[in-house]
Structures are given as C-alpha cells and as structure tokens.
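J.: Below: one structure in structure tokens.
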Amino acid sequence: MLNFVQKRHLFFTIAGVLIALSIVALIVSAIMFNGQALRISIDFKGGTLFSLHFTGPVEESAIREVFIANGHTSPIIQRLGAVADNSWQVRTRFADSEEIQKLLDDLDAQVGTVDRTLSNWNTVEPTVGAEVAQQAALAVFVASLAVLGFIWYSFRRVPHPFRYGVVSIVAMLVNVVIALGFFALMGILQGWEADALFLTALLTVIGFSVQDVIVVFDRIRENIPRHRGEPFELIVNRSILETVHRSLATQLNAMFVMIAILLFGGVTIKPFIAVMLVGMVSETFTSLCVAVPLLVAWEEYDHRRTLARAAA
Amino acid sequence: MERRTIISFVLILLLTAVAIYGVAFQQHPAWLTNLLFWQPEASRNLDFQLGLDLQGGLQVLMVADLPPGQALEPQAMETARRIVEKRVNALGLTEPIVQIQGKDRIVVEIPGIDNPAQAVDTIRETALLEFGEPPAGMTFDSIYMLQMTQMPISTTYGLSEAEIQAQSAMTGSMLFKTVFTGADLANAFVTRDDRTSQPVVAIEFQSAAANAFSEYTSSHLGQYLCIVLDKQIISCPRIDAVIPNGKATIQGSFTFDTANQLAVQLQYGALPIPLKIESYKAIGPSLGAISVEKSIRAGVVGLAVVFLFMLIYYRLNGLAADLALALYVLLNLLLYKLVPVTMTLPGIAGFLLSAGMAVDANILVFERMKEELRRGRSLMRAAESGFSRAWTSVRDSNLATLLTCAILYIFGNAFAASLVKGFAITLALGTLMNLFTAIVVTRTLVRVAFGSFGDWIQKHLWVLGL
C-alpha cells in the first residue's frame, strides 16, 4: 500500500525546493526588470502595446526609427511568431488616438504596409493602470478571505477545524508561490507580462486550491468514527487512497482540456491557460502531499507534547 | 423500473431534442425568437454573440476630465453618454455599446469596425451647433428634404472669404451661411406654447449676441433660419417677428421628448463634460476569426480526449457520463444563445474548463459506486448510495468554484475587464448546469441502464471498470 503520510518528509522537501526555485525566479526577474518580480503589463502600469502584422518582410530598425521620430524614445520591439509571419510587437508609452493613427500611417509610408485586419493595439493611461492594480490587489485579498471563510464553514463540525483551515491555507499559499514563480520564469524566458487575465488565472488557482483538500478532509471526517481506535496516521492515509482515484481522474480531465487549448487555441490566452495548468498540477500535489500529511505532523507533534507532559 | 425514472428519462430526451434544435440550426422562425421577451425587442435572436476579441473591433474607455474642485453631475454624465451614443450610432455599425462605468467613465465598444482610429475621432469630436441661413433661392421644400434625409450640408463656418466666394459662385450652391454658433447661446430649455400648449424649445442668446440676433431678425423677416448640428439640419423655423431681447422659441411638431432632446443638443451641442480617453483597444477583425477557429479546434480535441478517458476508465458508467456531458455541452451553448452571453476567448476557455471539470461530479459518484460494489453491495444499492453519499463532496467543490466566479465577476466589473467577466460567467453557468446534468441526467441514465440490464451487469462487473 502506497503510504503518502510516511513519505511526507520527501514531499515536504520537494515542496520546499519548488518554493525556493520560485523565489529565485521572482528575485532574478526583479533584478532584470527594475524591481518587477513579475513583468507588469500595460493593464496595470499604462502604456501602449502594438501587435502589428505587415504585408511583407520589414526591418526592426526601421520600425524603431518611426517610433523614435514620433517622440517614443524607447520602444521595445519583438518579433511575434515565425519570421514568415511578419508580425511584430511594440511596447511604448501611452499614446492617444491621433498619435496612434500617425504612427500607423508613418509605418505604412516608411516601413511597410500594416494589415489592420490582422493587427491590434491597446493603449492605457498610467492613472487607470494604477487604479486597476489597486482593484487587483483588493480582489486577491478578498478571494483569500472568501476561501478562508469557505474552509471554516466546511469544517465547522470536525475536531480541530482551525487546524484544517491552517493547513489548507498553507497549501493555497504554496500554490500561489509556485504559480507566481512559474510566471516570473516565463517572463524571463518568453517575456510574459502579468495582465488582467493573469490575475484571473491566479484567482482561479486560489479558488480551486481547496477543492481536493476538501474532498480528502471530507473523507477523513467520515472515516474517523468508522475506524475508531486506528491511529490517526492510518485513517488519514486510508482517506487519501480512497479519494486519490477521483482526484487524479478529475485533474486529468481538466488538464486534457487545458493542454488542448495550449496546443491548438489562440496565442493570446496561452499564458492564462498555462498558469491555470501549473496551478492545477501543483494543487493536486500540495493537497495530497503537503496539506494532508501536514495535518498528521501537527497531530503527532501534539501527541508527543502530551506524552512529554504526562512523563514530566 | 420506477415510473419516476421513466418520466425523467423522457423529459431528458425532449430537452436534448430542444437543445439540438436551438444550437445546431442557424435559422429560427420569428414567432420563436419573439418568445425571448427578456432580450431587447430590436435584436431578439438565437445567435451567438461574439465579443470584441472574437470579431474584432474597438473599445474606448473615457473619463470625465473636469477641472479640480468641479462636481460631476450624474445628469450631465447621462447626457454625455447619449451624445456619444448618437455619434457612435451615426457610424452605422451593428450593435455598438455605450455604457456609463462607475461614476465618471464611459465605455464604448464597437464590434467589427475597420477603421478604429477614425471612429475614435468621431466620438471625441466636439459637436458644432450653427444657425445657418439657407442659400438664396433654396425652396422650403428642398430645405425640408435635407432635414428629413439628414443629409450633411456645407456651411461657411471655418471657411475663408476666398473659399466662400469660390463655393458660392458655383451654380446650385448649397452653402449655408453661418450666422450664429452654439457659443452664442446662453440657455435652451423645453417649455409649452402659450396658445397651443405644444412643447417648444426656448432659447436665450448671450447679451452680446442678443443685439446681433435682434438686428438679424429684423432684416430677415419671413425667411428661414436653420439650426444645424454637426452639419445636419435639425429644425428650420421661420422668422415671424423681430426678436429684441435674445429670447426665442423654436416651434415644430415636437413631442416632449424630442423637444427635450433638441434642447439638450442646443445646450450641450458640445459634450457637457470634457472626456479624456484613458484606454483604447483595437483588434483587427480577421484576427478574431482566426481565434474563433482555433478555439473550436482546441475545444473539439480537448473534449474528445475527455470523452475517451471517461469511456475507457469507467466503461458503461463512462458512457452515461459521456451522454450527460454531451447534453451539458449542448445545454450550455443553448444558454449562451438564450441569455445571451457574449462569447470571448477567455469565456470559451472558461466553458471548456467547466466541461473538463463537469465530469468531476460523475467521477466522485462512480468511485463511490465502485467502493460500494467492492464491499459486496448489490448493483442497485451501490448505485443509489454512490449518488447520495457523493453529494456533499459534489456540493462543496462546486460551491468553491461558484465562489471564485463571484469574486472574479466583481473584480472584472470594477474596471470594464469584459474578458475577466466572460470567463467568470461561462464558468459559473457551467458549474450550475453541471449540477443538473451530472446528478439528474447521469443518475437517470444509470437507473435506466441498471433497470434494463441489471442482471447481466451484475454478472459482468468489468463493464463498470471493476
């Protein structure tokens, strides 16, 4: 019989390593991008993002010249997709509609025709960006509180509901750190930027991070009276084994869908789906291998303390 | 088999037929779409509504840009919205949205537009109100025609003397002479005519312009003077008397509403509040079409794998879950058409994800069922206790998802993030729908199967993946 609980030290080590790696990724990102542990998109800080599709091959330097000539001193220009796509991404400061129109016209005249039907651009004023960022922080805070409340409600009738709550929150935090670390890494490697959709993915990860925990805890609650006298460790492990099929089968199905979207879906939602996928994998791991064994560790610590007190 | 089971089975079949009809067919008779009383009358249909990211278009977020210390009146905001809406509608594109967001923002969404930059200019442009003198020799009938057809006219406003000369010299010139502009007006409001008690629009000129207006009216008695807004004639009253004090009324066949509208336009010809563009997003229409195509492909592949997995892993039960899932997909799509839910890229992702997770409830039940069978329970008892005992877990995990959706929706609502809202809505609808299909539909299907071939299944438990 596979023993999740006994292997807990191994699992805790793995979780520790993952957390450490995530923090390293966040720090490296902060060093590389002026203190941005995650690269922030224009949604939150303002600016303009162009995705331009040219009808023929163009030079990066020519694009840069047009932007500089129009007073955009430091545009960040990247190729999008394959060379044959003739697609370029340009990031620069906020520009009003006349400025954008002028930039596009100048690009047409001096670089190459921009196919408007295959291009998009998005510009955000810095003040709105700041407001959105504030809303976002609030949303994450409220989401965490709501999950906390939900856990408290779900376990109001088990012994030590506080304990169940704490380990669920620990698991959730581990998930969030891993998801953030993954995104920081992709920011370094692929230039991914945290936008409103990233936040949506993060909030979804937070919301889902208690699902598996709840099912296992539910089973523990059911098994305690049924197997009276059995050590807690055994009951917990039994509960994990009884529910592991369901956890894996469910996660697998969700993953099938997400992988299909990653492989075949639109480019714009790839980071969004990827964060949810990573969050979901780490959620399965943290629920079964961190949250639940942590409960046992806590119980054992308690038990040892009681014994020590009795001995004294 | 119980009577109840047979009835719900028949009802499920009927529902399936309805869903297939609603989703798979493009054309629906008018009497049917007219039943959708909650949709706006002008656009009742059973079509998918595509968001900006799927059909391309323009989204502009504007904020009231008042000098510090000046209070923002909700009434002025509503007027600004109406003026912006009029201008957007004048672009002649399908289903533009102009909404007030929060206290001081207006969001404009124009789907399927080719030239977004031009549209932004149109929205922001300050409306121009003119009092135009019709060109000499133009009959009242032709003036009336211009007013009725809303044909744009040309006026002398902003033209140089030389240009005016050149244009007037052309035969059949249609050049209106601008004698006053909105800048000369002090006030405009709706009142009722003393004699006829018809609604009329009263206007007051500023004191400097009042004298000029008095002189003008005395020298042009019996002639028409057209009120022109953004180069369109809105009314052409006749000067019946000299107007000495700068106070005049515009009579016409007004209802109270149309008179009020004119007063608003006269007073606020320019937007009542200066609007500043805060964010502006343009998406090429072909880009949207590519996204739709890719999303459909991703959805088909992803769901196909889920169908296969359930079939292989849970066999006969898996088949029941697959049928329930197929109905789930159909019902969700039907709901998107009925409500209607605007589909966006994240919205589709939310739907697909909810479909992937929809089988969770079934999995919980089937795992329970297997456990009970292993303990030696009879087939029927195992099935029933599988459904009833898995319920708390199903309820809790769905509740957690709904909670997440609520937070996402509130967050998305706070700053016009329609993409975030799209994801939250489809995921939430999917979760609710799931409670119906995964529990009611699957249970009925399992009961029908076990009721019909129970003995055989009991002897061949491998068909349940045991």
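J.: For the stretch B:308-319, what are the residues that are surrounded by fewer than 21 Cβ atoms within 10 Å (Cβ to Cβ) and facing chain A (nearest Cβ under 10 Å)?
T.: B:LEU308, B:PHE309, B:TYR313
J.: Is it true that some residue in the stretch A:198-213 is within 10 Å of another protein chain (Cβ to nearest Cβ), within 16 Å of A:THR286 (Cα to Cα) and assigned to a loop (DSSP other than H, G, I, E, B)?
T.: Scanning the stretch A:198-213 turns up at least one residue that is within 10 Å of another protein chain (Cβ to nearest Cβ), within 16 Å of A:THR286 (Cα to Cα) and assigned to a loop (DSSP other than H, G, I, E, B).
J.: Could you identify the single residue in B:GLY246, B:GLY252, B:GLY222 that is assigned by TED's automatic domain parsing to the domain that holds B:PHE180 and either of a type in the set (A, V, I, L, M) or surrounded by fewer than 13 Cβ atoms within 10 Å (Cβ to Cβ) (or both)?
T.: Working: B:GLY246 fails: either of a type in the set (A, V, I, L, M) or surrounded by fewer than 13 Cβ atoms within 10 Å (Cβ to Cβ) (or both); B:GLY252 fails: either of a type in the set (A, V, I, L, M) or surrounded by fewer than 13 Cβ atoms within 10 Å (Cβ to Cβ) (or both).
When all the criteria are applied, what remains is B:GLY222.
J.: For the structure I just gave you, tell me whether A:ILE178 is buried (at least 23 other Cβ atoms within 10 Å of the Cβ), on the phi < 0 side of the Ramachandran plot, more than 8 Å from chain B (Cβ to nearest Cβ) and more than 17 Å from the chain's Cα centre (by Cα).
T.: Details: buried (at least 23 other Cβ atoms within 10 Å of the Cβ): yes; on the phi < 0 side of the Ramachandran plot: yes; more than 8 Å from chain B (Cβ to nearest Cβ): yes; more than 17 Å from the chain's Cα centre (by Cα): no.
When the stated conditions are applied, A:ILE178 does not pass them.
J.: Also: Go through B:LEU316, B:LEU330, B:LEU379, B:LEU373 for me and flag whichever is within 41 Å of the chain's Cα centre (by Cα) and among the hydrophobic types (A, V, I, L, M, F, W, C).
T.: Checking each option against the conditions leaves just B:LEU330.
J.: May I pose another question? Just to be sure I understand, how many residues within the stretch B:15-67 are of a type in the set (Lys, Arg) and more than 21 Å from B:GLU85 (Cβ to Cβ)?
T.: 0
J.: If you don't mind, another one. Just one of the numbered conditions (1) within 12 Å of another protein chain (Cβ to nearest Cβ); (2) closer than 30 Å to B:ASP53 by Cα is not true of B:MET433; which one?
T.: The number of the failed condition is (1).
J.: Sticking with this one: Within the stretch B:279-291, does at least one residue satisfy the condition of being within 32 Å of the chain's Cα centre (by Cα) and without any contact (Cβ under 8 Å) to a residue 12 or more places away in the chain?
T.: Yes, some residue in the stretch B:279-291 is within 32 Å of the chain's Cα centre (by Cα) and without any contact (Cβ under 8 Å) to a residue 12 or more places away in the chain.
J.: Looking for something more than 26 Å from A:ILE220 (Cβ to Cβ) and modelled with pLDDT of 85 or more - is there at least one such residue anywhere in the stretch B:383-396?
T.: Taking every residue of the stretch B:383-396 in turn, none turns out to be more than 26 Å from A:ILE220 (Cβ to Cβ) and modelled with pLDDT of 85 or more.
J.: Just to be sure I understand, how many residues within the stretch A:100-143 are touching a residue at least 24 places away in the same chain (Cβ under 8 Å), farther than 30 Å from B:TYR409 by Cα and among the β-branched types (Val, Ile, Thr)?
T.: So the count comes out to 4.
J.: Here is a follow-up. For the list (1) of a type in the set (Gly, Ala, Ser); (2) crowded, with 23+ Cβ neighbours inside 10 Å; (3) more than 9 Å from chain A (Cβ to nearest Cβ); (4) closer than 30 Å to A:LEU138 by Cβ, I need the number of the one condition that B:ALA428 fails.
T.: (2)
J.: Just checking, does the stretch A:58-67 include any residue being farther than 16 Å from B:GLY284 by Cα, free of Cβ contacts under 8 Å to residues at least 60 places away in the same chain and within 12 Å of another protein chain (Cβ to nearest Cβ)?
T.: For the stretch A:58-67, residues farther than 16 Å from B:GLY284 by Cα, free of Cβ contacts under 8 Å to residues at least 60 places away in the same chain and within 12 Å of another protein chain (Cβ to nearest Cβ): absent.
J.: Could I ask something else about it? I want to confirm something. Restricting to the stretch A:260-289 and keeping residues that are of a type outside the set (A, V, I, L, M) and within 7 Å of chain B (Cβ to nearest Cβ), which single residue is nearest to A:SER239 (Cα to Cα)? Quick ask: steps written out before the conclusion?
T.: In the first step, residues of the stretch A:260-289 are kept if they are of a type outside the set (A, V, I, L, M); the result is A:264-266, A:268, A:270-272, A:279, A:282-287, A:289.
Filter once more, so that each one left must be within 7 Å of chain B (Cβ to nearest Cβ): A:264-266, A:268, A:272.
Values: A:PHE264: 38, A:GLY265: 38, A:GLY266: 40, A:THR268: 41, A:PHE272: 33 Å.
It comes out as A:PHE272.
J.: Next up: Exactly one of these conditions fails for A:THR123: (1) under 30 Å from A:ILE76 (Cβ atoms); (2) part of a helix (DSSP H, G or I); (3) polar (S, T, N, Q). Give me its number.
T.: Going through (1) under 30 Å from A:ILE76 (Cβ atoms); (2) part of a helix (DSSP H, G or I); (3) polar (S, T, N, Q) one by one, A:THR123 breaks only (2).
J.: Of everything in the stretch A:231-255, what is at the interface with chain B (Cβ under 10 Å from one of its Cβ atoms) and more than 28 Å from the chain's Cα centre (by Cα)? Give them in sequence order.
T.: A:GLU242
J.: Continuing with this model, one more query. Output yes when any residue across the stretch A:130-141 is surrounded by fewer than 21 Cβ atoms within 10 Å (Cβ to Cβ), of a type in the set (Asp, Glu), at the interface with chain B (Cβ under 10 Å from one of its Cβ atoms) and not in a helix (DSSP H, G or I), and no when none is.
T.: Within the stretch A:130-141, none of the residues are surrounded by fewer than 21 Cβ atoms within 10 Å (Cβ to Cβ), of a type in the set (Asp, Glu), at the interface with chain B (Cβ under 10 Å from one of its Cβ atoms) and not in a helix (DSSP H, G or I).
J.: For the stretch B:341-371, which positions are surrounded by fewer than 24 Cβ atoms within 10 Å (Cβ to Cβ), in contact with a Gly (Cβ under 6 Å, 6 or more places away or on another chain) and either of a type in the set (Lys, Arg) or part of a helix (DSSP H, G or I) (or both)?
T.: B:ARG368
J.: Taking the options A:ARG228, A:ARG246, A:ARG221, name whichever one is without any contact (Cβ under 8 Å) to a residue 60 or more places away in the chain and crowded, with 17+ Cβ neighbours inside 10 Å.
T.: Sole residue among the options that is without any contact (Cβ under 8 Å) to a residue 60 or more places away in the chain and crowded, with 17+ Cβ neighbours inside 10 Å: A:ARG246.
J.: Give B:MET343, B:MET380 a once-over and let me know the one that is at pLDDT below 90, under 25 Å from B:PRO111 (Cβ atoms) and out of contact with any Lys or Arg (no Cβ under 8 Å at 6 or more places or on another chain).
T.: B:MET343
J.: Something else: For the stretch B:42-70, how many residues are part of a loop (DSSP other than H, G, I, E, B) and more than 13 Å from B:ALA289 (Cα to Cα)?
T.: Result for the stretch B:42-70: 11.
J.: What single numbered condition from (1) part of a helix (DSSP H, G or I); (2) more than 26 Å from B:LYS337 (Cα to Cα) fails to hold for B:VAL420?
T.: It fails just one condition, (2).
J.: Kindly provide the set of residues from the stretch B:141-151 that are modelled with pLDDT of 80 or more and surrounded by 12 or more Cβ atoms within 10 Å (Cβ to Cβ), ordered by number.
T.: Those that are modelled with pLDDT of 80 or more and surrounded by 12 or more Cβ atoms within 10 Å (Cβ to Cβ): B:SER142, B:ILE143, B:TYR144, B:MET145, B:LEU146, B:GLN147.
J.: Kindly indicate the residue of the stretch B:374-410 that is part of a helix (DSSP H, G or I) and in contact with a Ser or Thr (Cβ under 8 Å, 6 or more places away or on another chain) and also surrounded by the fewest Cβ atoms within 10 Å (Cβ to Cβ) among those meeting that condition. Before you say what the answer is, go through the steps one by one.
T.: Residues of the stretch B:374-410 part of a helix (DSSP H, G or I): B:374, B:379-410.
After this cut, where a residue has to be in contact with a Ser or Thr (Cβ under 8 Å, 6 or more places away or on another chain) as well, the list is B:396, B:398, B:401-402, B:404-405, B:408.
Values: B:ASP396: 18, B:ASN398: 20, B:THR401: 23, B:LEU402: 16, B:THR404: 28, B:CYS405: 26, B:LEU408: 27.
Once the filter is applied, the top-ranked residue is B:LEU402.
J.: Can I ask one more? Could you count how many residues in the stretch B:397-406 are over 18 Å from B:THR437 (Cβ atoms) and at pLDDT below 85?
T.: Selection size over the stretch B:397-406: 2.
J.: Hey, another quick one. Quick check on this structure: which one of B:LYS459, B:LYS421 is within 30 Å of A:VAL124 (Cα to Cα), of a type in the set (Lys, Arg) and more than 9 Å from every other protein chain (Cβ to nearest Cβ)?
T.: Checking each option against the conditions leaves just B:LYS421.
J.: With respect to the numbered conditions (1) within 19 Å of B:ASP455 (Cα to Cα); (2) in contact (Cβ under 8 Å) with a residue 40 or more places away in the chain; (3) more than 11 Å from every other protein chain (Cβ to nearest Cβ), which one is the sole condition not fulfilled by B:PHE387?
T.: Here B:PHE387 meets the rest and fails (1).
J.: Name the residue that is nearest to A:PHE54 (Cα to Cα), counting only residues in the stretch B:280-302 that are surrounded by fewer than 21 Cβ atoms within 10 Å (Cβ to Cβ) and facing another protein chain (nearest Cβ under 7 Å).
T.: By that ranking, first place goes to B:SER286.
J.: Among the helices (runs of 4 or more DSSP H) confined wholly to the stretch B:128-235, which include 1 or more residues that are of a type in the set (Phe, Trp, Tyr)?
T.: Qualifying helices (runs of 4 or more DSSP H): B:140-149, B:207-219.
The values are calculated or read from the model by the stated rules, or taken from the named source; none is laboratory data. Predicted model only: the values in this text are computed from it and were never measured. Every residue, glycine as well, gets a Cβ built from its backbone with ideal geometry; the counts of neighbours run over all protein chains shown.
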